[in-house]
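Step one of this worksheet: look at the structure below.
Please treat every number below as a calculation from the coordinates, not as lab data. Everything numeric in this text was worked out from a predicted model, so none of it was measured. Here the Cβ is made from the backbone with ideal geometry for all residues, glycine too, and neighbour counts use every protein chain on show.
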Amino acid sequence: MPEGIITKAISGFYYVQEGDVVRQCRARGVFKKNGITPLVGDRVLYEPIGSEGVVNEVLPRKNELVRPPVANLDQAVLTFSAKEPEFNPKLLDRMLVHVERADLPAVIVLTKVDLLADPSEAETWLQPYREMGYETALLATKQGEGLERVRGLLQDKLSGLAGNSGVGKSTLLNALMPGLNLNTAEISQKLGRGKHTTRHSEIYRVFDGTFVIDTPGFSTLEFAEMEPEDLSQYFRDIWDASHDCKYRGCLHENEDGCAVRTGSESGRLSAGRYRHYLEFLAELKEAKEYRY
């Protein structure tokens, strides 16, 4: 049975590519019964039927994300804008929890830095993330500055672009692939965020051996079921500092001898990141109460 990769999924159809051939396929009915949903990026076994086909089996995944719903990535490229819409560090930290939980490398790309009155401000925003080991890139979208840096980070990988609406994901792909001509978003003046232009996830070949999944934008991102005590391990800086806490199982709230809280107060840890951690922790505690 031939093997291919799902490059696009729309309205119950899965577009499976093998070599240069793409077939529109349906999934076997048993998938729904067994709670299996094929994802863009899945390697699958399929049965050709004329010019179409049926997906018979989803091969084991090396990773998957819930939002955007994609599989088998080499890295997630978390894309944010400096302006229009405003940089959202809380959403960035929330997304990082998701990709860390999936054990997936993350790259942080900040677009539209040329719209800032002081472009060096963008460097300040990303410095804590660089210190934690994340790869970052700054893009002056209109001038194209930083594009070669992004190309290098994408080289020879399957990357998933993720970010809220209007941050410039489609603009970035158009710059990487002249002639692609993806629609780009306007910014809603009322909401201060982009209007959706990408309606589905789809794999694009950027250049030899390098592929990118463009995904729909979003402005909210919920946590799947997660225990509150597990949250800190998905904050690299907080996790490192937690090894010096007085008590095992410290949740880094008001406990005596908490190295994380002390680090935040002294400036060794980002106060903003710590605040986001506490907000996410409260959210997880509330969700746990509703579960039990």
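For the chain, the ratio of Cα radius of gyration to the globular rule of thumb 2.2 N^0.38 Å stands at 1.08. Taking amide H positions as modeled 1.01 Å from N, with prolines and chain starts lacking one, the residues under 5 Å from ASN63 and 5 or more places away or on another chain are ASN72, LEU73. Between 0 and 90 degrees, the angle of helix 271-291 with respect to the longest Cα principal axis of the chain falls at about 70 degrees.
DSSP beta bridges confined to the chain are antiparallel in about 60 percent of cases. Quick check on region 64-214: of the DSSP beta bridges with both residues there, what percent are antiparallel, nearest 5%? Of the beta bridges lying entirely in region 64-214, close to 35 percent run antiparallel.
When the GluC sites (Glu not before Pro) in region 1-95 are filtered for DSSP coil states and for at most 14 other beta-carbon atoms within 10 Å of their beta-carbon, the remaining sites are GLU86. Of all the C-alpha pairs in region 1-103, what % are more than 19 Å from each other? So the pairs more than 19 Å apart make up 50 percent of the total in region 1-103. For the pair ASN174 and ASP74 in one chain, pulling the backbone fully straight at 0.36 nm per residue adds 33.9 nm over the alpha carbon distance. Exposed loop sites are taken as trypsin sites (Lys or Arg not before Pro) in a DSSP loop (any state but H, G, I, E or B) with at most 11 other beta carbon atoms within 10 Å; the longest stretch of the chain without one runs 1-141.
Excluding same-chain neighbours fewer than eight residues apart, no lysines are reachable from LYS288 by a Cα-Cα span under 20 Å. Here the label points at ARG205 and GLU123, each 7 Å from Cα along the C-beta direction, are separated by 3.9 nm in the simple model. Along region 8-20 the Karplus relation, 6.51 cos²θ - 1.76 cosθ + 1.60 evaluated at θ = phi - 60°, assigns HN-Hα couplings of 6, 9, 9, 6, x, 9, 10, 9, 9, 10, 10, x, 9 Hz to successive residues, with x for each Gly and Pro. Is the shape of region 64-214 rounded, prolate or oblate, going by the alpha carbon gyration tensor and its root eigenvalues a ≥ b ≥ c, with a/c under 1.5 for rounded and a/b larger than b/c for prolate? Because its axes are fairly even, with a/c under 1.5, region 64-214 counts as rounded. Here's how it looks for ASP42: its modeled amide H is under 5 Å from those of ILE6, ALA71, which are all 5 or more places away or on a different chain.
Annotation: the residues PHE87, PHE235, sorted from fewest to most other C-beta atoms within 10 Å of their own C-beta, follow the order PHE87, PHE235.
Legend: distances between Cα atoms for LYS8/LYS33; LYS62/LYS157; LYS142/LYS169; pairs beyond 18 Å are LYS8/LYS33. With each label modelled as a point 7 angstrom along the Cα→C-beta vector, the GLN24-ARG67 pair spans 3.0 nm. With 10 Å bins beginning at zero, the pair-distance distribution over Cα atoms of region 3-58 amounts to 28, 62, 10, 0 %. Under the simplified labelling scheme, the GLU227-LEU116 pair shows an inter-label distance of 4.0 nm, with each label point 7 Å from Cα along Cα→Cβ.
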